[in-house]
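Notes to accompany the following structure.
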Amino acid sequence: MRNNKVYSALNIVGLATGMAVALLIGLWVFNQFSYDRFLPNYQQAYAVEVNYTNHHDGTYTQNQLSLPLAEVLRTTIPGIQHVAEVDFVDFPSHDFMVGNKKLLINGGTVAPDFLKIFQYPLITGNVNSVLKDPFSIVIDESTAKSLFGNDDPINKTIRIDNQHDVKVTGVMKDFPANSSMQFHFLMPFSYAVQTANFVKNAVNQWDNNSFQIFVGLQPGVTSKQVAATIKNLIYQNNPPSRAFKPEVFLYPLKDWHLYSDFKNGKIAGGFIDYVRMFGIIGALVLLIACINFVNLSTARSEKRAREVGVRKAIGSQRRDLIFQFLTESIFITFVAFLLSIAFVQLALPYFNTLTGSLVQIPYSDPVFWCIMMGYVLVTGLAAGSRPAFYLSAFNPVKVLKGSIQLGKAAALPRKILVVLQFSCSVAFIISTVIIYQQIQYAKDRPTGYSVDRLVTTFMTKDLAGHYDALKNDLVASGMVESVTKASSPLTNIGWHTGIANWPGQSAGELPINVGAIITDDNYFKTVGMKLVDGHNFSNNLGADSTNIIVNESAVKRMSLKNPINQLITFNGINGRSRIIGVVKDALMESPFTPVQPLVFTHGQFGTQVIYRLAPGVSPHGAIEKIGKIFDRYNPAFPFTYGFVNEAYDHKFNLETLVGKLAGVFAGLAIFVSCLGLFGLAAYVAEQRTKEIAVRKILGATITQVWVLLSSDFILLVAISCVIASPVALYFLSDWLQKYDYRISIGPGVFILSGIMAIIITLFTISFQAIKVALANPVKSLRSE
């Protein structure tokens, strides 16, 4: 190492980079698989879900269920130990007030068995009693600290939603980052029953699918054992109104994080696809680093050939030499591993920020170090095995006579390995380009409404009671040009129902699953949706009580040629509803899937105040003035808001993360490949010094020498491009199939990636080629 500083540095840095990538991805993969494993008895915890099948729309899966199902599960199904009905709120809609302190945080109401199914650690309180009193509450450490400081919160009172006082009966530990459920408080489900008529009425409504249900199975009982008994529970208890035949099943907690995508009623993947993908990438980058080690070691074999010859001549056995070279390889790998730990530690803050995870190196875990020593040993053996067996096989007589041509003997395997590592690198480049093209393609898709200057604020009961005055004051402030309200945010549809009857419906055709949004007459103007047929709602709620507006997808799904004034029946309105307008399709759910049928109704209910800032006003200044207006009508709640464009961009977070990670790892793979290429170019230039000197004396130009030394490497990279392209095409085509709205892969991306790889190769080897070409031929030949 001391006598070959450049090659040693290239070997160690290249191997350390590959090991760092593999270690970083390995820690991240372990973190993803660790979700919810901190909970005792997590294997017995399940969510109850249901599949609905329609011959036209296929099978779709939902976790929103009716409350009577929970009671049936609790009282009639053997093997189920605990059942908890839950009303979780996914957005921050509950206001906590203690004195002058106000917090707007997320949580939900749960049945008492919830903390027996999900055994989140309680710092204070007993799991059997903390949720007994309807007006009790369990909060987490952070909330307790924010509201009560260092005081003991137990039996202290919190004013919730400026309506009721509740007493703190328990404090939970803050949830770790690897928990699928993240909330800050729990209240008894009986609180919702006593204070909300909607929940009280839902207790006996089989058709009100607005709640979640969780179960804990008895020890030793599996989901397969209860699957048959729960499958038809909804159909058996509520058959007359069901055109769909629902099938109930259990979805295990251990799968929630990684297996969240359902297709035709079956788990079809989810985040696990990306975990596997990056696991493969980590292994490939490590492979590329090992290939570098092998290539540089065998390329330098001539330097060590005489050493092998002398050792064998004085009695060394081949096994002694193999042991020596493998030991050297493991030692170099260990040095590279120490450097890789430093690389990972430096990268972790940026990596955690990028991925939104909390990955750490578990320095105090002896199991980690045992695994790492095995990792070093396996990597060292893998990287050093070929050089060890190759070098130890030299014939001492031929070596010491100088008759062995080591460079030529190693050339073909070395070229094959270069092709292999650059094939991986080129495939990474192609993948990165395709991922970014897909993201941009979806981002460029017309949304059907204008996100510019559009803001939303959650509608509390206080705001709902003063909505008209709030609306007038917002417009009068000059900061807002239009205000509306709706039952769903712009980037999500919170309520789905079914159209049971429509004109032209064929005999026996099942209901159509549609989204439904309750709006007012100012909705379409405010959000910028365009009516393509008919007219808008009036400002008369009574006149519009049975009128609806549908989107283009709903018209297409019902095959209505003249939709205006057609009558349909759906669950949102009693009796027949009249279509008075058709609005252009808008992306309110996934930007990667077709727009779903959607129905707008006119009503008072709303969970969102949606308003568009006036043109030309400063968003910061406008929000400050608007906040004072909201505080006037909503004094018990802190003013919160969200820009719709930011919420829409959030839909691309996963794909953007994948694109960034793919780009980073592609760059590192190319960097490692180039380190090896630089070393090989230096070796080849050194081997051909005298040849180049003779060529220069005979009139060769610097350009000719550069082409001579570069052509072999360019040919290898070109072969890599040919191999990588069909492989990348196969896997990327499969990846794109998960998106209904997707790009088509053309030849341009492969040509571009090939050109990029060749340019990178030229930059890498040109330094050595030009250095040799500029050398004085007299100095190279004077020893001859």
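The values are calculated or read from the model by the stated rules, or taken from the named source; none is laboratory data. It should be emphasised that the depicted structure is a prediction, and the values quoted were computed from it without experimental measurement. Note that each Cβ is placed from the backbone with ideal geometry, even for glycine, and that neighbours are counted across all protein chains shown. We work out accessible area using only protein heavy atoms, side chains counted, and drop any ligands, DNA or RNA first. Shrake-Rupley method; radii C 1.70, N 1.55, O 1.52, S 1.80 Å.
Straight-line reach only, C-alpha to C-alpha below 13 angstrom: list the aspartates and glutamates that K628 could link to, leaving out same-chain residues fewer than 8 apart.
List returned: D473.
Using DSSP to define loop residues, name the trypsin sites (Lys or Arg not before Pro) in the range 20-112 whose beta-carbon has at most 16 other beta-carbon atoms within 10 Å.
Within the range 20-112, the qualifying trypsin sites (Lys or Arg not before Pro) (loop, at most 16 other Cβ atoms within 10 Å) are R37.
Where a ≥ b ≥ c are the square roots of the eigenvalues of the C-alpha gyration tensor, would you call the range 171-271 rounded, which needs a/c under 1.5, or, failing that, prolate if a/b is larger than b/c, or oblate?
Verdict is oblate for the range 171-271.
With just the Cα atoms defining each centre, how far is the range 542-600 from the range 56-86? Give it in Å.
30
Please report, in whole Å, how far the alpha carbons of the range 416-548 spread along each principal axis, starting with the longest.
78, 54, 30
Could you check how much of the accessible area of the range 528-671 is carbon and sulfur, as a whole percent, using a 1.4 Å probe?
C and S atoms contribute 53 percent here.
Going Cα to Cα from K312, which aspartates and glutamates come in below 16 Å? Please leave out same-chain ones fewer than 8 positions away.
Counting by Cα, and skipping residues close in sequence, K312 has these aspartates and glutamates nearby: E302, D320.
Give me the three principal axis extents of the range 526-642 from the C-alpha atoms, as integers in angstrom, largest value leading.
48, 35, 23 Å, listed from the longest principal axis down.
By a straight-distance test (C-alpha under 20 Å), which lysines pair with K660 as possible cross-link partners, with residues fewer than eight away in the same chain excluded?
The reachable lysines, counting only those whose Cα sits under 20 Å from K660, are K443, K651, K738.
So how compact is the range 669-784: Cα radius of gyration and Dmax in angstrom?
19.4, 70
Determine the distance separating the Cα centre of the range 672-691 from the Cα centre of the range 168-183; give it in Å without decimals.
Answer, in whole Å: 57.
Stokes-Einstein D for the range 707-759 at 4 °C, 1.567 mPa s, Kirkwood Rh over Cα pairs, in µm²/s?
It diffuses with D of about 103 µm²/s by this estimate.
Taking only protein heavy atoms into account and a 1.4 Å probe, give the accessible area per residue of the chain in Å².
Roughly 46 Å² per residue, with all protein chains present.
If you average 1/r over all unlike Cα pairs in the range 647-726 and invert the result, what Kirkwood radius do you get in angstrom?
The answer is 16.1 Å.
For the pair E141/L358, report the inter-label distance in nm, with labels modelled 7 Å from Cα in the Cβ direction.
0.9
From the mean inverse distance of alpha carbon pairs (Kirkwood) and the Cα radius of gyration, derive Rg over Rh for the range 199-243.
Across the range 199-243, the Cα-based Rg/Rh ratio is 1.05.
In the structure shown, do any of K102/K132; K101/K625; K132/K224 have a Cα-Cα gap over 24 Å, and if so which?
Violating the 24 Å Cα-Cα cut-off are K102/K132; K132/K224.
Taking the Cα atoms of the range 1-129 alone, what are Rg (to one decimal) and Dmax (as a whole number) in Å?
25.1, 79
What nm value, rounded to one decimal, do you get for the distance between N232 and M181 when each label is placed 7 Å out toward the C-beta?
3.1
Seen from all sides and averaged, what is the projected area of the convex hull of the Cα atoms in the range 258-375, in nm²?
11.7
Which whole-number percent of Cα pairs in the range 11-50 have a distance greater than 14 Å?
65
Starting from the Cα-Cα distance between S545 and I416, subtract it from 0.36 nm times their residue separation and give me the gain in nm to one decimal.
39.0 nm
Relative to the compact-globule scaling 2.2 N^0.38 Å, provide the ratio for the alpha-carbon radius of gyration of the range 345-387.
Ratio of Cα Rg to 2.2 N^0.38 Å: 1.57.
Of all the accessible heavy-atom surface of the range 59-201, with the other protein chains kept in place and a 1.4 Å probe, what percent is carbon and sulfur?
Carbon with sulfur: 48 percent of the solvent-accessible area.
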